[in-house]
Amino acid sequence: MGASLPPKEANLFKLIVKSYETKQYKKGLKAADSILKKFPEHGETLAMKGLTLNCMDRKPEAYELVRQGLKNDLKSHVCWHVYGLLYRSDREYREAIKCYRNALRIDPDNIEILRDLSLLQAQMRDLTGFVETRQQLLSLKPNHRMNWIGFAVAHHLTSNASKAVEILEAYEGTLEDDYPPDNERCEHGEMLLYKISLLEECGFLERALEELRKKESKIVEKLAYKEQEASLLLKLGRLEEGEKLHRALLFMNPDNYRYYEGLQKCVGLYSEKSQFSPDEIDRLDILYKSLEQQYQASSAVKRIPLDFLQGDRFLEAAENYIRPLLTKGVPSLFSDLSPLYDHPGKADILEQLMLKLEHSIRTTSRYPGRVEKEPPSTLMWALFLLAQHYDRRGQYDVALSKIDEAIEHTPTVIDLYSVKSRILKHAGDLAAAAALADEARGMDLADRYINSDCVKRMLQADQVALAEKTAVLFTKDGDQHNNLHDMQCMWYELASGESYFRQGDLGRALKKFLAVEKHYADITEDQFDFHSYCLRKMTLRAYVEMLRFQDRLHSHAYFHKAAAGAIRCYLKLYDSPPKSTTEEDDDMSKMPASQKKKLRQKQRKAEARAKKEAEEKHEESSAAGASKPGKRHIKPVDPDPHGEKLLQIEDPLQEATKYLKLLQKNSPNSLETQLLSFELNMRKQKILLAFQAVKQLLKLDAEHPDSHRCLIKFFHKARSMAAPVTDTEKLIWSVLEAERPTISQLHEKSLIKGNEIFLERHKDSLMHRAAAAEMLYVLEPDRKSEAIRLIEESSNNMVAKKGALGPVGEWKLKDCITVHKLLGTVLNDEEAALRWKLRCAECFPYSTYFEGRCSSVVPNSAYNQIRKKSENGSANHSEGGETRDSVASNGRLEAFKGLTI
């Protein structure tokens, strides 16, 4: 390194390297310039100067200098190493690996380059190469602990846990008997726990338990030691010892559900589906009663029996569990109880219990059979619980009456307004829900959760501008909107993207969805620093778990929503491409002069408004930056804030395919993934890929309405295709002919007959009838009136929903909206759509979509007044109105000084 330079310049070169490592870039640059004055063609100095400039955000110059240095000295491992570091900084990992390999050809035993290469191999999951590099590092430096551990982890990642155990044992053989010293006990203990987990993974359970007990004195984390021992005893079938240990763990933490689960397994009373015989329920009841006496303060020991008890015993246990929580006023009680609604019969019992408690408190101010009087707030919490119960049942009238009574009783409790907002959202009045959420937010301006809940409701009501203004109240000063992106606030970006999509603003919708996709790319990149950190700090179990989590990262629900949203945007863009400027001019030339004038005025106003908003944001950002001298960090201006450039792509389907491949790889068992695959491949005329999607849909859920739609649409399309001419077309045709008999829905049946059989099987389901009607119209357009009649003859059967008091309709609001859109667009019958709207307005009186009689879109309705109040308040959302005293009562938060509620 710098060997070809005279001593003085060689020392300066060492200074450049040291300055780079200590981040003293200006000092390093000065030293590089001193060398280059005398030796302007020195390749390694040019490369190091480029690397230094790269750290100073001067990338074009950096690449130019590094390439020039490499050209001047192709046989320098330093130049290749620096070139690799440059690529690594830009996340071009494959190119960086190539550079490192070139460097190693020149200097095969360079430890720094080998270490950097191993980090990239771990990042890119080149596990075979990772093992080889780690082995080379170990052979070069066997006295370094990190090299032993890295080699073991590399084998573990290649599913060779037994080899990893051998390596760790060989490493232990190099240690002295009194190892570790006090300052390394934690790291050594972690290594031992990792080794025992490897033995467990290999199936060597007896050996793992023996090793664990043998090394007990060297393991610092005693809780992890006990949990590992309990797990091994359970797997070995040594249940008595396991029971004793699980009881000891419960003594340490009686609210840990996993410990109760382990104890149940030890006493032979565990079922994954929570299905027990009467005898097992009796034994479980005795077990938990004894535990309850021991751990009276534990909530888990009282809650778990509700999952397995039945009948009167469930009623008694539920009453004992609910009463103290109602008295105490725990807002999350219903969330705690909600899983019980999936257990047959338990929802009925809970309803009877809640009504009994409410009646007793209302009439006597006491619980049934109690002498002590309850505080007045208990009635309010009982009404609060009942409102959520009826909301879950779909009885929105009763739910709203209960929550209104609770608000009248105690109008200062914020949770009441939040729950009322949620009930209205479920009932279909999104605007009133947003208004009530804003009212709740105004009651505690310092509560970030309530603020976020309000933002979510506003986005559901498509009030995007107002939602953004509300969201940024809790961001840093300055570039507030981008701050939400920097915080990776994905729920906000997804909700706003869906809102823009509903409003037809594909550019902004795409921008939001792609922002979420970028967050996942950033999360993947964030693991890079941990490859060296975790090996150094010996957090090996957490490290391997993190790598496995990263491998399934893109199967997360948020990524699925973002990718599916982006695909839908691209499909819509393909179906309705934006008009070019020439086409817009042609359309305008056909308009009357008065309309032209109005359109131009509208365009000018929109441009002026957008310009004004941009200037205001810039001024806010500048003011915030100026108020903090020395800390101002100027971020690059977004060149495409409205996503207009995202719409100017040549092939939307090609872009959609990128995200579809990610979904197919990470969420192949999702019905939505296969539906999108079908829609995309049908548009791309990829017949066999579309057929593959159909087969996957039938495999996942053959009776789903969308699966039926895709099946009929596909074979209808195939039937209308021209006779095959080329060899490829003949091959496709032969595959379809061979595969059709294997599909039971169409075996020896025509498409019409298959559709009729499907309808007969699901004649009581609205969505299945709608799918059959749509396919009837697709197959035989002249039977349109019959298709409409199929939908209109659907009946909203009134049923006692899991024992709910009062009848509840089977139809869901979301499904009815889908059917209305089907009638208006696909079947293209405005009269039928209007008839359906009037019918649904009766079924869903709070729905704004169907303009129900109780909804906020109806003049003079109660919720119309709430909505108007909110709109009037939101008009001055960021202007004066709050007094100094009211702000002071919420902690003197200066950011909220200008709010009007």
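The values are calculated or read from the model by the stated rules, or taken from the named source; none is laboratory data. Because the structure is predicted, anything quoted here is derived from the model rather than measured. Positions of Cβ are backbone-derived with ideal geometry, glycine not excepted, and every protein chain shown enters the neighbour counts. The protein model used for the area step is the full one, side chains on, heavy atoms only, and it has no ligands, DNA or RNA in it. Shrake-Rupley method; radii C 1.70, N 1.55, O 1.52, S 1.80 Å.
Just a few scattered comments:
- Against the conditions (1) outside the structural domain of Q503 (by the TED database); (2) at pLDDT 95 or above; (3) not aliphatic (A, V, I, L, M), F559 satisfies every one except (1).
- If you check V82, V66, V153 for being buried (at least 23 other Cβ atoms within 10 Å of the Cβ) and within 35 Å of the chain's Cα centre (by Cα), only one passes: V153.
- Answer residue from the range 361-392, given it is in a loop (DSSP other than H, G, I, E, B) and small (G, A, S) and is least open to solvent (accessible area, probe 1.4 Å) among those: S365
- From K75, K71, residue being part of a helix (DSSP H, G or I) and either open to solvent by 40 Å² or more (accessible area, probe 1.4 Å) or touching a Phe, Trp or Tyr at 6+ places or on another chain (Cβ under 8 Å) (or both): K71
- Among the candidates I304, I286, residue that is open to solvent by less than 70 Å² (accessible area, probe 1.4 Å) and modelled with pLDDT of 95 or more: I304
- Residue among R185, R207 that is in contact with a Leu (Cβ under 6 Å, 6 or more places away or on another chain) and not aliphatic (A, V, I, L, M): R207
- Selection of the range 91-122 for residues being aliphatic (A, V, I, L, M) and more than 18 Å from D522 (Cα to Cα) yields A96, I97, A103, L104, I106, I111, I113, L114, L117.
- The set of residues in the range 307-348 that are open to solvent by 50 Å² or more (accessible area, probe 1.4 Å) and of a type in the set (K, R) comprises R313, K328.
- Subset of the range 655-681 [touching a Phe, Trp or Tyr at 6+ places or on another chain (Cβ under 7 Å) and open to solvent by 30 Å² or more (accessible area, probe 1.4 Å)]: E655
- Look at (1) over 20 Å from A862 (Cα atoms); (2) open to solvent by 50 Å² or more (accessible area, probe 1.4 Å); (3) among the small types (G, A, S); (4) assigned to a helix (DSSP H, G or I) and you find that S401 fails only one, number (1).
- Residue count for the range 362-412, restricted to those that are among the hydrophobic types (A, V, I, L, M, F, W, C) and either over 42 Å from the mean Cα position of the chain (by Cα) or more than 26 Å from L340 (Cβ to Cβ) (or both): 2.
- Among the residues of the range 684-711, those identified as part of a helix (DSSP H, G or I), open to solvent by 60 Å² or more (accessible area, probe 1.4 Å) and basic (K, R) are K695, K699.
- L646 meets all of the listed conditions (1) at pLDDT 95 or above; (2) aliphatic (A, V, I, L, M); (3) closer than 22 Å to F501 by Cβ but one, namely (1).
- Residues (among the aliphatic types (A, V, I, L, M) and open to solvent by 10 Å² or more (accessible area, probe 1.4 Å)) located in the range 419-434: L430, A431
- From A702, A656, A693, residue being in contact (Cβ under 8 Å) with a residue 12 or more places away in the chain and touching a Cys at 6+ places or on another chain (Cβ under 8 Å): A693
To keep it simple, each residue is scored yes or no on (1) more than 26 Å from Y449 (Cα to Cα); (2) open to solvent by less than 40 Å² (accessible area, probe 1.4 Å); (3) among the small types (G, A, S); (4) at pLDDT 95 or above.
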site: Y500; (1), (2), (3), (4): no, yes, no, yes
site: R536; (1), (2), (3), (4): yes, no, no, no
site: S594; (1), (2), (3), (4): yes, no, yes, no
site: K602; (1), (2), (3), (4): yes, no, no, no
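- Output for the range 206-247, where each listed residue is small (G, A, S) and either touching a Pro at 6+ places or on another chain (Cβ under 9 Å) or surrounded by fewer than 13 Cβ atoms within 10 Å (Cβ to Cβ) (or both): S217, G237
- When residues of the range 713-756 are limited to those that are charged (D, E, K, R) and in contact (Cβ under 8 Å) with a residue 24 or more places away in the chain, the one surrounded by the most Cβ atoms within 10 Å (Cβ to Cβ): K713
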